[in-house]
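As structure tokens, the structure follows; a few thoughts come after it.
Taken together, the values in this text are just the output of simple stated rules run on the coordinates, not laboratory data. A quick note: this is a predicted structure, and the numbers were derived from the prediction, not measured. For neighbour counting, all protein chains shown are included, and Cβ atoms are generated from backbone atoms with ideal geometry for every residue, glycine included.
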Amino acid sequence: MLIVDDSAVARQTLTEILSRDDEIEVMGVAQDPIIAAQKIKRQIPDVITLDIEMPRMDGLTFLRKIMQQHPMPVVICSSLVCPGSDTLDKAIKYGAAEIIAKPQYGTQEFLMEESITICDAVKAAFLSKPVKLRPSQPRIAKKLTADAILAKPASKAMSETTERIVVVGASTGGTEALACFLQALPNDCPGIVIVQHMPEGFTRSFAQRLNDNCRVNVKEARDGDSILRGHVMIAPGNHHLLCRRSGARYYVEVKRGPLVSRHRPSVDVLFRSAARYAGKNAIGIIMTGMGDDGAKGMKEMSDVGAYTIAQDEATSVIFGMANEAIKVGGVSKVMPLDQISDEIFRR
């Protein structure tokens, strides 16, 4: 892989992090896109990490050129703390496989979590299917389950009510999959809660982008928000999102905590909370993404009577999370992305 960043410290830090993983080999670094282009001519990398703000050519321009001329997996690695929706829109539009925050030095636990996120993003990008744009780390921390955030649900499902909620989990390729799914929904659909693996600072603008293009209301979740018909909430980056119930009212809880299934937010945490507090009143959907986050949680939802759907392999960028959920027996139905919204109303 090739690291493209104008900061010598960032290049060194990324090289150190990625080189510790036995599955990743850093073939070189470049301080700007012009030098990167020269290196790509000599040897095509499997994956590129790319900063946004660089001299001679910005990262988004370089990304667009790559995806127009020779599509390859690109991970945008940005130090922008609060990116504007325009930046995020362009990165997704131009075909970035993943978007992560640039690593920073901090506590050992913080560095370990960042290392996990960065290496997983690079591996997910490698497995993605880039489309042409038209004119083992050592001593990895124990992989935690949703037990770290919430106890398992009771084996008996909660009594069924007339009000339903929908919980959705996605990762690599999920930004476009969610747009396709949500744009097909009417404004009176059941309340929807989503975990999309995305770094802190990007989820608010991502939610705003969806809100501008959908009939449903989409927003970044805030602690205590009610889950209402026609409304969609997306987990804030770097925070877990849970469904809760008080009487007939469903609401969300936003909380910190350790990485679960190597992620924060974690789909397993969301799905477990739906199993515990909504039971058969919930519908679970797992979409494109690498790894197994959400598989155990979806099985728990299925065990308490919830109806569960997995996006099929043909329409997934990476058939990882959905496939793992299928393997453990947690999926009621497998279907193409463009049919999932209709299936919700058939149920």
Relative contact order in percent for the range 2-127 (Cα pairs under 8 Å, 6+ apart) equals 25 percent
Taking the DSSP beta bridges in the chain as the whole, what percent of them are antiparallel, to the nearest 5?
20 percent
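Over all directions, the average projected area of the alpha-carbon convex hull for the range 270-347 comes to how many nm²?
The orientation-averaged projected area of the Cα hull of the range 270-347 comes to 4.4 nm².
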Distance (nanometres) between label positions extended 7 Å along Cα→Cβ at Q69 and T145:
5.0 nm
Within the range 176-191, which residues have the backbone N less than 12 Å from the label spot 7 Å out from F345 along Cα→beta-carbon, could you tell me?
184-190
Hey, rough spin-label estimate for T61 and R20, points 7 angstrom out along Cα→Cβ, what's it come to in nanometres?
3.5 nm
Label point 7 Å out from S7 along Cα-to-Cβ: which residues of the range 220-239 have amide N under 13 Å?
none
Using the alpha carbons of the range 154-346, what is the convex hull volume per residue in cubic angstrom, as a whole number?
98 Å³
For a quick protection proxy, order the peptides 24-33, 230-239 by their average other-Cβ count within 10 Å, most packed first.
230-239, 24-33
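How much FRET efficiency would the formula 1/(1 + (r/R0)^6) give for R249 and I44, where r is the Cβ-Cβ distance and R0 is 41 Å, rounded to 0.05? Don't skip to the answer; put the middle values down first.
Values: r = 54 Å, r/R0 = 1.32.
Rounded to the nearest 0.05, the efficiency is 0.15.
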In whole Å, what are the extents of the range 2-127 along the principal axes defined by its C-alpha atoms, from largest to smallest?
39, 34, 27
Kirkwood-based Rg over Rh for the range 203-269 (C-alpha set), two decimals?
0.99
Of the listed peptides 211-220, 323-332, what is their order by residue-averaged count of other C-beta atoms within 10 Å, with the highest listed first?
323-332, 211-220
Quick one: grab Rg to one decimal and Dmax as a whole number for the chain, Cα atoms only, in Å.
19.7, 64
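Step through the table entries K90/K333; K90/K219; K102/K219; K90/K255, compare each Cα-Cα distance with 27 Å, and write down the pairs that go over it. Write down the numbers at each step before the final one.
Values: K90/K333 34 Å; K90/K219 20 Å; K102/K219 25 Å; K90/K255 29 Å.
Going by Cα-Cα distance, K90/K333; K90/K255 fall outside the 27 Å limit.
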Going by amide H atoms built from the backbone, whose H comes under 5 Å of the H on D225, apart from near neighbours?
V252
Which order do the peptides 335-342, 48-55 come out in when sorted by mean C-beta neighbours inside 10 angstrom, highest first?
48-55, 335-342
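Just to verify a number: FRET efficiency for A37 and K152, C-beta to C-beta distance, R0 = 51 Å, to 0.05?
Numbers: r = 52 Å, r/R0 = 1.01.
The pair A37/K152 has a calculated efficiency of 0.50.
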Just how large is the dipole of the chain about the Cα centre, in debye to the nearest 20, putting +1 at every Lys and Arg Cβ and -1 at every Asp and Glu Cβ?
580 debye
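Would you work out the charge dipole size for the range 196-347 about its Cα centre, treating the Cβ of every Lys and Arg as +1 and the Cβ of every Asp and Glu as -1, and quote it to the nearest 20 debye? Show your work: numbers first, answer last.
Numbers: 22 positive and 17 negative charges, 120 e Å.
With Lys and Arg at +1 and Asp and Glu at -1, about 580 debye.
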